[in-house]
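Colleague: My questions all concern the structure below.
FYI, it's all coordinate maths here, none of it is from the lab. All values reported here derive from a predicted model rather than from experimental measurement. All Cβ positions, glycine included, derive from the backbone under ideal geometry; neighbour counts span all protein chains shown.
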Amino acid sequence: MPQLFHRSTNTLARLSIVIGVLLAGLVLGLLLEANRTPFVTRAYVAREQPVQFSHKHHVGDDGIDCRYCHTTVETTATAGMPPTKTCMNCHSQLFANSPYLEIVRDSWRLDRPIKWTRVHDLPDFVYFNHSIHVNKGVGCSTCHGRVDLMPLMWNVASLQMEWCLECHRNPENFIRPKSKITEMVWPPKEPDPKEFPNGWNQAVDGPRLVREYKIQPKDVMISCSTCHR
Amino acid sequence: MADAVKNQDYVDPRPPVVGPGLDFRSITQKIADIVLMRGFKKGWVFGFAIVFLGSIMLFNTIAYLVLKGVGIWGNNIPVGWAFDIINFVWWIGIGHAGTLISAILLLLRQSWRNSINRFAEAMTLFAVACAGMFPALHTGRPWVDYWLFPIPNTMQMWPNFRSPLMWDVFAVTTYFTVSLLFWFMGLIPDFASLRDTAKKKWQKILFGILAMGWRGDAKHWHRYETAYLLLAGLSTPLVLSVHSVVSFDFATGIVPGWHTTIFPPYFVAGAIYAGFAMVLTLAIPVRKYYHLEDFITLRHIRNCCKVMLATGLIVAYGYLMEQFFSWYSSSTYEMFMMKNRMFGPYGYMYWILILCNILIPQLLWWKKMRDNLAVIFIICMFINVGMWLERFVIIVMSLNRDFTPSAWYMYRPTIFDFTMFFGTVGFFLTCMFLFIRFVPMIPIFEMKTLLPEAQVDEKKVEDLENGKAPVGATPLPQFGD
């Protein structure tokens, strides 16, 4: 009877153990890492909106404060989407006949809200509250990025739990003075010497603000029920 | 004793563990033929068709469950654990007999384990697979079941290492892995036998790959025996630990009826009890259908019966102690729980349980009953049902009436609870049917060691070592002959 297998089969069989372990590790690692890619998180992917609203124009060029439209950000859980009325404050006069704004005028005439596409959508089992963050010195751009540079909106954060915990574990690395909450560029390149006579040093000023704003100790900040109730 | 063994007139009063008239060749032939035969036996096809329908029922139920969520089951608040966990514990328990037979009886050098161990190990594997389905699906979101394992993830979250549910994940996955390794290791020499017996080329190649280059070398055997013994040593604590951990799921909770220190030993005994009942439930028909009376002898069946009798009594002691504890605790809730268990709305279940698990198996005290296969089979069916009811009594009846009467609620299973449960029975039997047909269900090489020809005669060995040729033997060939 001839040999069933060539003698190289022995080597192949031994190699297959090493290769198998490496391959399994590689596949597992890739799967885990794939979860962090924009393919899953949709970070840096601009979303189409019913109206081509540009934060770049309104924030960057016009310098409108975030809170002019997102009025409830300091007092409630949601930052608040502006009603059409807010748009019409200006656009009843400016670009009043622009075809781009037909949908806005329709919404105004028919008293029907515009259906914006949500960009930052947290899972429903997370009880996120904007007001506590804004009132404890977490600035808009810390999470939402340079909105003043976005023609259409996208998220810069993964919105995954590891991202939340990054700050909840070490808030001193991200915190800023409450007066600078809506500042788009933070930390400032050249701090105003009147406001910050010693300049801004996150390593020193961060922990100081954490104490000053009475931010909860770490065990509270990362306890499950802080965000999941 | 030693003298008695050496004495040629000494006769073992027990019937032999392998039938008469078999030799090395006929053992291989008889067992390998079941695997290598062309086509299928009619009875096998018929049975397979039925159990395969059961599997299909299971897969459909699972598909619907994933689509709709666990709301299709009867689980409610407060009865958050019901059929899902009952079935999980029931199946895991059944698996334990396989490990006991293959590991503990190996270490105890019980030669009667050798024909039923492969069979029982396969049963363990399939039972654990069925068991694993329930916790994996009862989470409601099986696609995030990887949360159960400590894998670095985007949530930076670890399972709660203080929770027995997490230990359970470790216990069951370890158990499955070790059982699979043990089962496959034992199969390697037999796959080699099949490779050498097979006529067709593809069969030779298939079994050749599975045999992993086994040539029956002395070195191979030496390593095999060592590895097998090591694995047996690894599995032995698992027999005790896995079901202990399963019992912690309940015992660490404060629910009356769960919060008992006797749970671990009582669960382990129950598991072995249920497992042996399942081994016999499967072995008795298979033995008859494939005419394996020479391999699975009456002695095997009698021994299984004795193990069942012993573990059944431990379980009965457990029931008794539960009663005692609830009285001795003087706790209103514990005492109410026991009253509810016996005379509450599900009380009849408790009495059927006592009948199935404690009263009927006492028949096994009689030797006549231990020799009557039909009676044994029926008793085993009662035990299978009884052990399922035991988990119902513990899980549902503790939850549906706990501390606050305003939170009480009755539990009623839905049709999907039943299709899921009987579906796993179908799936389990499908796997068993495939195993019986495509894998040697009795270890060929281990049976050979039981033959009289394979026994070492100490006198002859001594003579050979002293350079004396045994009487009547042809002289050993010498170099240069």
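Colleague: Given the DSSP H assignment, sum -39500 (n - 2.57) over each helix run of at least 4 residues in chain B and divide by its residue total; what's the result at 222 nm in deg cm²/dmol, nearest 500?
Modeller: Numbers: 17 runs with 309 residues, N = 481.
-22000 deg cm²/dmol, from helical runs alone.
Colleague: With θ set to phi - 60° and the Karplus curve 6.51 cos²θ - 1.76 cosθ + 1.60, what are the ³J(HN,Hα) couplings of the range B:190-196 in order, to the nearest whole Hz, using x for Gly and Pro?
Modeller: 3J(HN,Hα) across the range B:190-196, in whole Hz: 6, 4, 5, 4, 5, 4, 7.
Colleague: Same structure, new question: Listing B:THR419, A:THR86, B:THR261 from the residue with the fewest other Cβ atoms within 10 Å to the one with the most, what is the order?
Modeller: Values: B:THR419 20, A:THR86 15, B:THR261 10.
Least to most surrounded, the residues fall as B:THR261, A:THR86, B:THR419.
Colleague: At what distance in angstrom do the alpha carbon centres of the range B:129-156 and the range A:182-229 lie from each other?
Modeller: The distance from the Cα centre of the range B:129-156 to that of the range A:182-229 comes to 37 Å.
Colleague: Whole-Å semi-axes of the range A:14-141's equivalent ellipsoid, largest first, each the root of 5 times a Cα gyration tensor eigenvalue?
Modeller: Working: eigenvalues 372, 77, 36 Å².
Whole-Å semi-axes of the equivalent ellipsoid: 43, 20, 13.
Colleague: Say the cut-off is 20 Å between C-alpha atoms; which of B:LYS42/B:LYS201; A:LYS85/A:LYS178; A:LYS136/A:LYS180; B:LYS30/B:LYS200 go over it?
Modeller: Values: B:LYS42/B:LYS201 26 Å; A:LYS85/A:LYS178 28 Å; A:LYS136/A:LYS180 12 Å; B:LYS30/B:LYS200 18 Å.
Listed pairs above 20 Å: B:LYS42/B:LYS201; A:LYS85/A:LYS178.
Colleague: Rounding to the nearest 20 debye, state how big the charge dipole of the protein assembly as shown is about its Cα centre with +1 on each Lys and Arg Cβ and -1 on each Asp and Glu Cβ. Could the numbers behind the result be given before it?
Modeller: Numbers: 65 positive and 52 negative charges, 253 e Å.
Here the protein assembly as shown has a charge dipole of around 1220 debye.
Colleague: Quick one: putting +1 on the C-beta of Lys and Arg, -1 on the C-beta of Asp and Glu, what dipole do you get for chain B around its Cα centre, in Debye to the nearest 20? Write down the numbers at each step before the final one.
Modeller: Details: 39 positive and 30 negative charges, 231 e Å.
So the dipole magnitude of chain B works out to roughly 1120 debye.
Colleague: Find the centroid of the Cα atoms in the range B:232-294 and in the range B:306-335, then give the distance between the two in whole Å.
Modeller: 17 Å
Colleague: Using +1 on the beta carbon of Lys and Arg, -1 on that of Asp and Glu, and nothing else charged, what's the dipole of the range A:152-229 about the Cα centre, debye to 20? Let's see the in-between values first.
Modeller: Numbers: 11 positive and 10 negative charges, 48 e Å.
The calculated dipole for the range A:152-229 is roughly 240 debye.
Colleague: If you take the Cα Rg of the range B:1-142 and divide it by 2.2 N^0.38 Å, with N the number of residues, what do you get? Please report the intermediate quantities before stating the final value.
Modeller: Numbers: Rg = 22.6 Å, N = 142, 2.2 N^0.38 = 14.5 Å.
Normalised by 2.2 N^0.38 Å, the Cα Rg of the range B:1-142 equals 1.56.
Colleague: Determine, for A:HIS144, A:HIS120, the number of other Cβ atoms within 10 Å of each Cβ, and report the residues in order from fewest to most.
Modeller: Working: A:HIS144 20, A:HIS120 13.
Fewest to most other Cβ atoms nearby, the residues stand as A:HIS120, A:HIS144.
Colleague: Follow-up. Given the options B:VAL268, A:ILE222, B:LEU194, identify the residue whose Cα lies farthest towards the positive end of the charge dipole of the protein assembly as shown (+1 on Cβ of Lys, Arg; -1 on Cβ of Asp, Glu).
Modeller: The one lying farthest along the dipole's positive direction is B:LEU194.
Colleague: Using a cut-off of 16 Å between alpha-carbon atoms, which aspartates and glutamates can reach A:LYS189, once sequence neighbours fewer than 8 places away in the same chain are excluded?
Modeller: A:ASP205
Colleague: What translational D, rounded to a whole number of µm²/s, comes out for chain A from Stokes-Einstein when the hydrodynamic radius is the Kirkwood one over Cα pairs, at 20 °C and 1.002 mPa s? Intermediate results must be reported in sequence, preceding the final value.
Modeller: Numbers: Rh = 21.6 Å.
Translational diffusion coefficient: 99 µm²/s.
Colleague: With a 10 Å Cβ neighbour count serving as the proxy for reagent exposure, in which order, fewest first, do B:ARG370, A:ARG146, A:ARG118 appear?
Modeller: On the way: B:ARG370 22, A:ARG146 14, A:ARG118 10.
So the ranking, lowest neighbour count to highest, is A:ARG118, A:ARG146, B:ARG370.
Colleague: Taking the range B:182-340 as the region of interest, what is the percent of Cα-Cα pairs per 5 angstrom bin, listed from the shortest bin to the one with the maximum distance?
Modeller: Histogram of Cα-Cα distances, whole percents per bin: 2, 8, 11, 11, 12, 13, 12, 9, 7, 6, 4, 3, 2, 1, 0.
Colleague: Per residue and in cubic angstrom, what volume does the convex hull of the Cα atoms of the range B:367-459 have?
Modeller: On the way: hull volume 21.3 nm³, N = 93.
Taking only Cα atoms, the range B:367-459 has a hull volume of 229 Å³ per residue.
Colleague: Please list log₁₀ I(q)/I(0) at q = 0.11, 0.14, 0.19, 0.28 Å⁻¹ for the range A:161-229, using the Debye equation with identical point scatterers on the alpha-carbon positions.
Modeller: -0.32, -0.50, -0.82, -1.34
Colleague: Right, something else. Over 18 Å apart: what share of the alpha carbon pairs of the range B:263-394 falls there, rounded to a whole percent?
Modeller: Values: 4807 of 8646 pairs.
Cα-Cα pairs in the range B:263-394 separated by more than 18 Å: 56 percent.
Colleague: In Å, what Rg and Dmax follow from the Cα atoms of the protein assembly as shown?
Modeller: In Å, with Rg to one decimal and Dmax whole: 35.1, 123.
Colleague: Moving on. If all Cα-Cα distances of chain B are sorted into 20 Å bins from 0 onward, what percent lands in each bin, rounded to whole numbers?
Modeller: Values per bin, smallest distances first: 21, 52, 23, 5, 0.
Colleague: Restrict the search to the range B:23-79; then list the chymotrypsin sites (Phe, Trp or Tyr not before Pro) that DSSP places in a loop and that have at most 16 other Cβ atoms within 10 Å of their Cβ. Numbers along the way, then the final one.
Modeller: Working: sites: B:PHE24, B:PHE40, B:TRP44, B:PHE46, B:PHE48, B:PHE52, B:PHE59, B:TYR64, B:TRP73; in loops: B:PHE40, B:TRP73.
Within the range B:23-79, the qualifying chymotrypsin sites (Phe, Trp or Tyr not before Pro) (loop, at most 16 other Cβ atoms within 10 Å) are B:PHE40.
Colleague: Rounded to the nearest 500, what is the 222 nm mean residue ellipticity of chain A from helices alone, with -39500 (n - 2.57) per DSSP H run of 4+ residues and division by all residues?
Modeller: Working: 11 runs with 91 residues, N = 229.
Only helices count here, giving -11000 deg cm²/dmol.
Colleague: For the range A:28-91, place one equal point scatterer on every Cα, skip the solvent, and apply the Debye formula. What is log10 of I(q)/I(0) at q = 0.12 Å⁻¹?
Modeller: Results for the range A:28-91 at q = 0.12 Å⁻¹ read -0.50.
Colleague: Let me ask something additional. Could you give me the ³J(HN,Hα) list for the range A:187-202, computed from phi with Karplus coefficients 6.51, -1.76, 1.60 and θ = phi - 60°, whole Hz, x at Gly and Pro?
Modeller: x, x, 5, 10, x, 4, x, 6, 7, 10, x, 9, x, 10, 10, 4
Colleague: Which Cα, out of B:ILE94, B:LEU65, B:TYR346, lies furthest along the positive dipole direction of chain B (beta carbon charges, K/R +1, D/E -1)?
Modeller: The residue sitting most towards the positive pole is B:LEU65.
Colleague: Could you tell me which trypsin sites (Lys or Arg not before Pro) in the range B:115-199 are loop residues by DSSP with no more than 14 other beta carbons within 10 angstrom of their beta carbon? Present the calculation step by step, with values, prior to reporting the outcome.
Modeller: Details: sites: B:ARG118, B:ARG162, B:ARG195, B:LYS199; in loops: B:ARG162, B:LYS199.
For trypsin sites (Lys or Arg not before Pro) across the range B:115-199 that sit outside H, G, I, E and B with at most 14 neighbouring Cβ atoms in 10 Å, the list reads B:ARG162, B:LYS199.
Colleague: Separate question: Identify, among B:TYR290, B:THR236, B:HIS222, the residue whose Cα sits farthest towards the positive end of the charge dipole of the range B:221-362, taking +1 on the Cβ of Lys and Arg and -1 on the Cβ of Asp and Glu, with the dipole about the Cα centre.
Modeller: Most positive-ward Cα: B:TYR290.
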